[in-house]
Every structure is written in structure tokens, then in C-alpha cells.
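Here the structure is laid out as C-alpha cells; the discussion comes afterwards.
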Amino acid sequence: MPDPAAVNSMFARIARRYDLANHLLSGGLDFGWRRHLVKAVGRQAPAEVLDLATGSGDVAFALSRGLAAGTRIVGMDFCQPMLDQANAKKAALPAGEQAGLTFLPGDGLALPLPDASFDAVTISFGLRNMADRHRSLQEMHRVLRPGGRLYVLEFSQPSAWFRPLYFFYLRRLLPSIAGAVTGDRAAYVYLNETIEQFPGREALAAEITAAGFSRVTATALTFGTVALHEAAK
């Protein structure tokens, strides 16, 4: 499992170039993945949403734009330089668009939040960086209200026909491109290793169920390289 101190340090180093690297490395597909997530969350019409491992806040901002006016959104992350980027982006918004959007520090293994305090929890490309996935999923379950929903947008295992090309990209091309953009090739060697080692859709669905959730579904995106898991408390 990932070492929390090492993960925190890594994201702190790449925080300023993180958004640009994401857009380039995904070929812009990250925008579509976020739209898919926001559409799914919107079907529930939650009043309060926690975006865990929010990083520089892209998902929180997408939720703020895509959900009903008045929805309270809290973005939470344990890496302060990433939160600094999120708050800088928030400060650049018109005052009306900042309402209801808050960024707070917090550890996904011990959330500084009361029980049953949110209608929805989202986590995008952050679950694989948790030192203990089961404990983190249990914390998400704890802070959800009865009937609340969990949305996990994460890398997954690709379709068999696409796998050789995908892993060639992850191992040979992605670290070099990311290193040129961020100046930290090693960080993206680590990230591609976590992608390769992460469970496929069925295995992750079983982990989510084991943490106490029910009605777990998984939708494959982009040839199975990404999946959106949804579950109910």
C-alpha cells in the first residue's frame, strides 16, 4: 500500500503543474470523465457533497457548476499545496460562483467530519493512493447519511484487446511526458505503477461492498481504463 508521507510529498512537488499534466496525459479525456461523474451525482440531487482527495479541486468545481444552485460542496485533501491551488482557483471565480464551495484539509483514513453529514461522497483518482482502501471506504460510509451515495471515479483494468497498447503508454511514454511537464518523472513512474496494480471493476466492487455499501454498480469508460463505481449506504 502507498506510504502516506511519500504520497503527500509527491503531490506537493507536482501541485503547480498537476492540472496541465492531467489534461495532456489523458488527451483531454479527463474533462469527459468528470462530466460523466457530475451527471451521475446530479441524478441524486444531493444537498451536501464531499469531494474527497479533491487535489486542485477540478471535480469540486465541476460539481459546483453542474449541480443545482445552493448545493454545498466540500473539497477535502491531505496535501496542503494541492489545496492552495484549489483555493487560488476559487479566489479567481466571481463571488457568486464561490458560494457553497469550501476546501478543507483532511485525511481520508480519519476524516475530521461528524457521522452522517453528507448526502454524497465523490472520490476521483484518489482511492488508489490511500494507504488502507478498506479503512478509507469505511470512513466514506461513516460520513454519509442513510440513503446517501458514493461515487468512485478511478483507473481500472482495460479491455484485453487494448491492454498491450495501454500498458506500453503507461510504462514507456507517460513518465517521460509527465517528467517534461512537471519536472518530476519519478512521481509518474509511481502513479503508473499504482494504476497497473489497482483492482479491476469486479474486485473493487467487492471491496466497496465489504466496507458496508450496497447496490454497487460499475460503468466502464474509455475501453475499461477508467470506471465509475456507484454505491448506496
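Quick note: the coordinates plus some simple rules give every number you see, no bench work behind them. Since this is a predicted model, take the numbers as computed values, not measurements. Because the Cβ atoms are built from the backbone with ideal geometry, glycine has one as well, and the counts that use them run over all protein chains shown.
So if I place +1 on the C-beta of Lys and Arg and -1 on the C-beta of Asp and Glu, and nothing else carries charge, what would the dipole magnitude of the range 63-196 be about its Cα centre? I want it in debye, nearest 20.
300
Excluding same-chain residues fewer than 8 positions from Lys233, which lysines have a Cα within less than 22 Å of its Cα?
Of all the lysines, those that pass the test against Lys233 - Cα under 22 Å, at least 8 places apart if same chain - are Lys39.
Placing +1 on the Cβ of each Lys and Arg and -1 on the Cβ of each Asp and Glu in the chain, which of Ala187, Phe223, Leu50 has its Cα farthest towards the positive end of the resulting dipole?
Positive-most Cα among the choices belongs to Phe223.
Rounded to whole Å and sorted largest first, what semi-axes of the equivalent ellipsoid does the C-alpha gyration tensor of the range 4-232 yield via the square root of 5 times each eigenvalue?
The answer is 25, 22, 17 Å, longest axis first.
Give the order of His229, His134 when sorted by the count of other beta carbons within 10 angstrom, beginning with the fewest.
The order, fewest Cβ neighbours first, is His134, His229.
Could you tell me which residue out of Leu20, Gly212, Ser117 lies farthest along the dipole of the range 4-232 toward its positive end? Charges go on the beta carbon: Lys and Arg +1, Asp and Glu -1, centred on the Cα centre.
Going by the charge dipole, the pick is Leu20.
Would you mind giving the average projected area, over all directions, of the Cα convex hull of the range 17-114 in nm² with one decimal?
So the Cα hull casts an average projection of 6.5 nm².
D for the range 192-233, whole µm²/s, Stokes-Einstein with Kirkwood Rh over alpha-carbon pairs at 37 °C and 0.692 mPa s: what number?
Translational diffusion coefficient: 303 µm²/s.
Is there a quick way to get the dipole size of the chain? I mean about its Cα centre, with the Cβ of Lys and Arg at +1 and of Asp and Glu at -1; what is the value in debye to the nearest 20?
Using only the charged Cβ atoms, the result is roughly 460 debye.
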